[in-house]
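The values are calculated or read from the model by the stated rules, or taken from the named source; none is laboratory data. Note that this is a predicted model, so its numbers are computed, not measured. Reconstructed Cβ throughout: ideal geometry from the backbone, glycine too, with neighbour counts over all protein chains shown. In case anyone asks, the SASA skips ligands and DNA or RNA and just uses the protein heavy atoms, side chains included. Shrake-Rupley method; radii C 1.70, N 1.55, O 1.52, S 1.80 Å.
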Amino acid sequence: MKYVHPFVYGHVVGAFFAGAVAGTFLDLRAVMVFSSVLAASAVVSALVCWRWPGFAADGWKLWLTGCLANPMFLAAIAFSADQYECLLGRHTGWNCLFSDAGPLVAGMCLLPPLGGLLWRWWRRRSPAAA
């Protein structure tokens, strides 16, 4: 079996749990959808992190690349840019009903790379990993 870096495990598992927690406020279907979509986006992000800056890079580089390479994060930023007038309070009404979804999803995408960094730190720290 091929070796999978601890950052990838932490990133993907962190994304899965973050999506599950977000989905628990709705129903079981939301749990499944949110967790699987965030985990799939974390896999794409981990592949980008593997290519550059590499899993041995500094934590801040991995976190920044993990966030910026996440397709869900990019989609949330694009949605927020599209709804900027609603977010600034210039427009109100039914057209602005889901304008807060972009910042909420972008915030959720900031957490999984931290899980990857935490898992990487834990594996380096434990004597069994040496």
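Kindly evaluate ALA56 against the criterion of being of a type outside the set (Lys, Arg) and assigned to a helix (DSSP H, G or I). Break it down into steps so the answer makes sense when it comes.
Values: of a type outside the set (Lys, Arg): yes; assigned to a helix (DSSP H, G or I): no.
When the stated conditions are applied, ALA56 does not pass them.
Given the conditions (1) farther than 14 Å from VAL105 by Cα; (2) free of Cβ contacts under 8 Å to residues at least 40 places away in the same chain; (3) not hydroxyl-bearing (Ser, Thr, Tyr), which single one is not true for ALA39?
Result: ALA39 fails condition (1) only.
Please find, among LEU26, LEU68, LEU64, the residue that is open to solvent by 30 Å² or more (accessible area, probe 1.4 Å), among the hydrophobic types (A, V, I, L, M, F, W, C) and within 10 Å of the chain's Cα centre (by Cα). Spell out how you get there, then give the answer.
Working: LEU26 fails: within 10 Å of the chain's Cα centre (by Cα); LEU64 fails: within 10 Å of the chain's Cα centre (by Cα).
After ruling out the rest, the residue left standing is LEU68.
Does any residue of segment 52-73 turn out to be in contact with a His (Cβ under 8 Å, 6 or more places away or on another chain) and polar (S, T, N, Q)? Give the steps one after another, and end with the answer.
Applying the first criterion (in contact with a His (Cβ under 8 Å, 6 or more places away or on another chain)) to segment 52-73 yields 55, 66.
Those left that are additionally polar (S, T, N, Q): none.
Taking every residue of segment 52-73 in turn, none turns out to be in contact with a His (Cβ under 8 Å, 6 or more places away or on another chain) and polar (S, T, N, Q).
Mind listing whichever residues of segment 96-120 are among the small types (Gly, Ala, Ser) and either modelled with pLDDT of 95 or more or part of a helix (DSSP H, G or I) (or both)? Even if it seems obvious, please write down each step before you answer.
Quick first cut of segment 96-120, residues among the small types (Gly, Ala, Ser) only: 99, 101-102, 106-107, 115-116.
Selection gives ALA101, GLY102, ALA106, GLY107, GLY115, GLY116.
Counting only residues that are among the hydrophobic types (A, V, I, L, M, F, W, C) and in contact (Cβ under 8 Å) with a residue 60 or more places away in the chain, which one in segment 78-120 is least open to solvent (accessible area, probe 1.4 Å)?
Kept after step one, since they are among the hydrophobic types (A, V, I, L, M, F, W, C), are these residues of segment 78-120: 78-79, 81, 86-88, 94, 96-98, 101, 104-106, 108-111, 114, 117-119.
Filter again for in contact (Cβ under 8 Å) with a residue 60 or more places away in the chain, leaving 108-109, 111, 114, 117-119.
On the way: MET108: 45, CYS109: 0, LEU111: 91, LEU114: 89, LEU117: 32, LEU118: 109, TRP119: 96 Å².
Per the stated criteria, the residue is CYS109.
Go through segment 35-53 and give me each residue that's open to solvent by less than 80 Å² (accessible area, probe 1.4 Å), part of a helix (DSSP H, G or I) and out of contact with any Phe, Trp or Tyr (no Cβ under 9 Å at 6 or more places or on another chain). I'd like the intermediate steps shown before the answer.
Here is the first cut: in segment 35-53, the ones open to solvent by less than 80 Å² (accessible area, probe 1.4 Å) are 35-46, 48-49, 53.
Narrowing further to those that are part of a helix (DSSP H, G or I): 35-46, 48-49.
Listed by number, the residues that qualify are VAL37, ALA40, VAL43, VAL44, VAL48.
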